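Engineer: Before I ask anything, let me first share the structure, which is written out below as structure tokens.
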């Protein structure tokens, strides 16, 4: 138990960041209720790699984020909510915008309603830097205008505003945490860094879309710490904060660096089918993390190259996660 937290409720717990957060909480002797999207296979996602300590419990609950009754029941006895559950792919949102909006917006509403019903002490909403759209200025602070350039970005904007409204209307103690591009062990090939690594290892080359876009890549352990910290900082209630390194890397630069680490001559092919629609492309995302540093005492600790090496090692050790060659 840390700072009064005894039992945490984590949505999206079987996903990339969610599973790392579950492990982080268990390592700190906090019991966890892990909410995972129901599937007929009983697949718990990346939670299969999470081990609980002898003095903690991990309860896995299957369900649907939009089911407020099921959420309210599953959340009983919890004091803190970390809401990561969402349909997260921008390309998928082009094809299935209604599903993305329903899950990400109405799902967030259901989680908020369940949190109120259970008198939750802290609610941490995990947002996305995609809500900003292409940078008008960099580094991007929390006052940067929102400009949703995809259905996914619109869904996260809507979810964030719902969270804010529940704080202002009902007094729910919320914090909105906005990670920039997180990477690390366990991330699917849907994400560009994993896609580059897998392609380089298997084919010695990679097919990419727009290689000139700039992203602020943050290692997953740093992101997880930034998600956890607001749960015990009173000054974080009602606030929203960016998490990022403050440094930008083009996709081309990132790909060449990965090939260099692997000791493989870089072969990069441009494939137009991988490009976003012109007006939907987010050209630059670089974080101003000064507010998180000030309020949370947070700062990124893992060097980009070290993070890439750890991600490469994970992918080499878990090829079973990267069988599907094309994931949106």
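The values are calculated or read from the model by the stated rules, or taken from the named source; none is laboratory data. Treat the numbers as computed from the prediction; the structure is a model and nothing was measured. When we count neighbours, we look across all protein chains shown, and the Cβ atoms used for this are built from the backbone with ideal geometry, even at glycine.
Engineer: Just checking, how many residues over the range 214-260 are within 19 Å of residue 121 (Cα to Cα), part of a helix (DSSP H, G or I) and more than 15 Å from the chain's Cα centre (by Cα)?
Structural biologist: Residues meeting the conditions: 7.
Engineer: In the list 23, 19, which residue meets the criterion of being buried (at least 16 other Cβ atoms within 10 Å of the Cβ), touching a helix residue (DSSP H, G or I) at 6+ places or on another chain (Cβ under 6 Å), closer than 21 Å to residue 321 by Cα and at pLDDT 95 or above?
Structural biologist: Criteria check complete, one pass: 19.
Engineer: I would also like to ask the following. Out of all the residues in the range 138-146, is one or more crowded, with 22+ Cβ neighbours inside 10 Å and modelled with pLDDT of 95 or more?
Structural biologist: Step one: filter the range 138-146 for residues crowded, with 22+ Cβ neighbours inside 10 Å, giving 140.
Filter once more, keeping what is modelled with pLDDT of 95 or more: 140.
Checked against the condition, which is being crowded, with 22+ Cβ neighbours inside 10 Å and modelled with pLDDT of 95 or more, the range 138-146 yields at least one hit.
Engineer: Answer yes if at least one residue in the range 123-136 is touching a strand residue (DSSP E or B) at 6+ places or on another chain (Cβ under 8 Å), part of a loop (DSSP other than H, G, I, E, B), modelled with pLDDT of 95 or more and over 22 Å from residue 96 (Cα atoms), and no otherwise. Walk me through how you get there before you give the answer.
Structural biologist: Here is the first cut: in the range 123-136, the ones touching a strand residue (DSSP E or B) at 6+ places or on another chain (Cβ under 8 Å) are 123-129, 131-132, 134-135.
Now narrow it down to the ones that are part of a loop (DSSP other than H, G, I, E, B): 127-128, 134-135.
So of that shortlist, the ones also modelled with pLDDT of 95 or more come out as 127-128, 134-135.
From what is left, the residues that are over 22 Å from residue 96 (Cα atoms) are 134-135.
Within the range 123-136 (the criterion being touching a strand residue (DSSP E or B) at 6+ places or on another chain (Cβ under 8 Å), part of a loop (DSSP other than H, G, I, E, B), modelled with pLDDT of 95 or more and over 22 Å from residue 96 (Cα atoms)), the answer is yes, since at least one residue qualifies.
Engineer: Moving on. Might you let me know whether the range 46-64 holds any residue that is closer than 17 Å to residue 122 by Cβ and buried (at least 21 other Cβ atoms within 10 Å of the Cβ)? Break it down stepwise before answering.
Structural biologist: First, the residues of the range 46-64 that are closer than 17 Å to residue 122 by Cβ: none.
Within the range 46-64, not a single residue is closer than 17 Å to residue 122 by Cβ and buried (at least 21 other Cβ atoms within 10 Å of the Cβ).
Engineer: Look at the range 275-297 and say how many of its residues are touching a strand residue (DSSP E or B) at 6+ places or on another chain (Cβ under 8 Å) and surrounded by 16 or more Cβ atoms within 10 Å (Cβ to Cβ). It would help to see each step written out before you state the result.
Structural biologist: From the range 275-297, those touching a strand residue (DSSP E or B) at 6+ places or on another chain (Cβ under 8 Å) are 283-289, 291-292, 295-296; that's our starting set.
Next cut, surrounded by 16 or more Cβ atoms within 10 Å (Cβ to Cβ) only: 284-289, 291-292, 295-296.
Of the residues in the range 275-297, 10 are touching a strand residue (DSSP E or B) at 6+ places or on another chain (Cβ under 8 Å) and surrounded by 16 or more Cβ atoms within 10 Å (Cβ to Cβ).
Engineer: What do you reckon, is residue 154 modelled with pLDDT of 95 or more, under 25 Å from residue 89 (Cβ atoms) and assigned to a helix (DSSP H, G or I)?
Structural biologist: Details: modelled with pLDDT of 95 or more: yes; under 25 Å from residue 89 (Cβ atoms): yes; assigned to a helix (DSSP H, G or I): yes.
When the stated conditions are applied, residue 154 passes them.
Engineer: For the structure I just gave you, tell me whether residue 100 is outside any loop (DSSP other than H, G, I, E, B), surrounded by 23 or more Cβ atoms within 10 Å (Cβ to Cβ) and modelled with pLDDT of 95 or more. Give the steps one after another, and end with the answer.
Structural biologist: Numbers: outside any loop (DSSP other than H, G, I, E, B): yes; surrounded by 23 or more Cβ atoms within 10 Å (Cβ to Cβ): yes; modelled with pLDDT of 95 or more: yes.
When the stated conditions are applied, residue 100 passes them.
Engineer: Among the residues of the range 176-183, is any part of a loop (DSSP other than H, G, I, E, B), touching a helix residue (DSSP H, G or I) at 6+ places or on another chain (Cβ under 9 Å) and crowded, with 23+ Cβ neighbours inside 10 Å?
Structural biologist: Start the filter on the range 176-183 by keeping residues that are part of a loop (DSSP other than H, G, I, E, B), which leaves 180.
With the extra rule that they be touching a helix residue (DSSP H, G or I) at 6+ places or on another chain (Cβ under 9 Å), the set shrinks to 180.
Those left that are additionally crowded, with 23+ Cβ neighbours inside 10 Å: 180.
Yes, the range 176-183 contains at least one residue that is part of a loop (DSSP other than H, G, I, E, B), touching a helix residue (DSSP H, G or I) at 6+ places or on another chain (Cβ under 9 Å) and crowded, with 23+ Cβ neighbours inside 10 Å.
Engineer: Here is a list: 85, 42, 14. Which entry is in a loop (DSSP other than H, G, I, E, B) and on the phi > 0 side of the Ramachandran plot?
Structural biologist: Working: 85 fails: on the phi > 0 side of the Ramachandran plot; 14 fails: on the phi > 0 side of the Ramachandran plot.
Result: 42 is the single residue among 85, 42, 14 that is in a loop (DSSP other than H, G, I, E, B) and on the phi > 0 side of the Ramachandran plot.
Condition check ((1) over 20 Å from residue 279 (Cα atoms); (2) touching a residue at least 12 places away in the same chain (Cβ under 8 Å); (3) touching a helix residue (DSSP H, G or I) at 6+ places or on another chain (Cβ under 9 Å)) across all residues:
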position: 86; (1), (2), (3): yes, yes, yes
position: 91; (1), (2), (3): no, yes, yes
position: 138; (1), (2), (3): no, yes, no
position: 149; (1), (2), (3): no, yes, yes
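Engineer: For the range 302-328: of the residues being part of a loop (DSSP other than H, G, I, E, B) and under 18 Å from the mean Cα position of the chain (by Cα), which is modelled with the lowest pLDDT? Before you say what the answer is, go through the steps one by one.
Structural biologist: Filtering the range 302-328 for residues part of a loop (DSSP other than H, G, I, E, B) gives 302-303, 318, 323-328.
Filter again for under 18 Å from the mean Cα position of the chain (by Cα), leaving 302, 327-328.
Working: 302: 98, 327: 55, 328: 51.
Ranking the candidates gives 328 first.
Engineer: Filter the range 160-194 for residues that are more than 19 Å from residue 295 (Cβ to Cβ) and touching a strand residue (DSSP E or B) at 6+ places or on another chain (Cβ under 7 Å); which is modelled with the lowest pLDDT?
Structural biologist: 191
Engineer: Sticking with this one: Go through the range 52-82 residue by residue and tally those that are outside any strand (DSSP E or B), closer than 17 Å to residue 25 by Cα and touching a helix residue (DSSP H, G or I) at 6+ places or on another chain (Cβ under 8 Å).
Structural biologist: The total comes to 4.
Engineer: Kindly indicate the residue of the range 40-73 that is more than 22 Å from the chain's Cα centre (by Cα) and modelled with pLDDT of 95 or more and also farthest from residue 160 (Cα to Cα) among those meeting that condition. Working first, answer last.
Structural biologist: Kept after step one, since they are more than 22 Å from the chain's Cα centre (by Cα), are these residues of the range 40-73: 40-42, 53-57, 68-70, 72-73.
Retained after the next criterion (residues that are modelled with pLDDT of 95 or more): 68-70, 72-73.
Details: 68: 18, 69: 22, 70: 22, 72: 20, 73: 24 Å.
Filtering the range 40-73 for residues that are more than 22 Å from the chain's Cα centre (by Cα) and modelled with pLDDT of 95 or more, the one farthest from residue 160 (Cα to Cα) comes out as 73.
Engineer: Now for a different question. Tell me the residue from 36, 111, 105 that is touching a helix residue (DSSP H, G or I) at 6+ places or on another chain (Cβ under 7 Å), surrounded by 15 or more Cβ atoms within 10 Å (Cβ to Cβ), part of a strand (DSSP E or B) and at pLDDT 95 or above, please.
Structural biologist: Working: 111 fails: part of a strand (DSSP E or B); 105 fails: part of a strand (DSSP E or B).
One residue alone meets the criteria, 36.
Engineer: Pull up the range 192-203, narrow it to residues that are without any contact (Cβ under 8 Å) to a residue 24 or more places away in the chain and surrounded by fewer than 19 Cβ atoms within 10 Å (Cβ to Cβ), then point me to the one that is farthest from residue 323 (Cα to Cα).
Structural biologist: Ranking the candidates gives 203 first.
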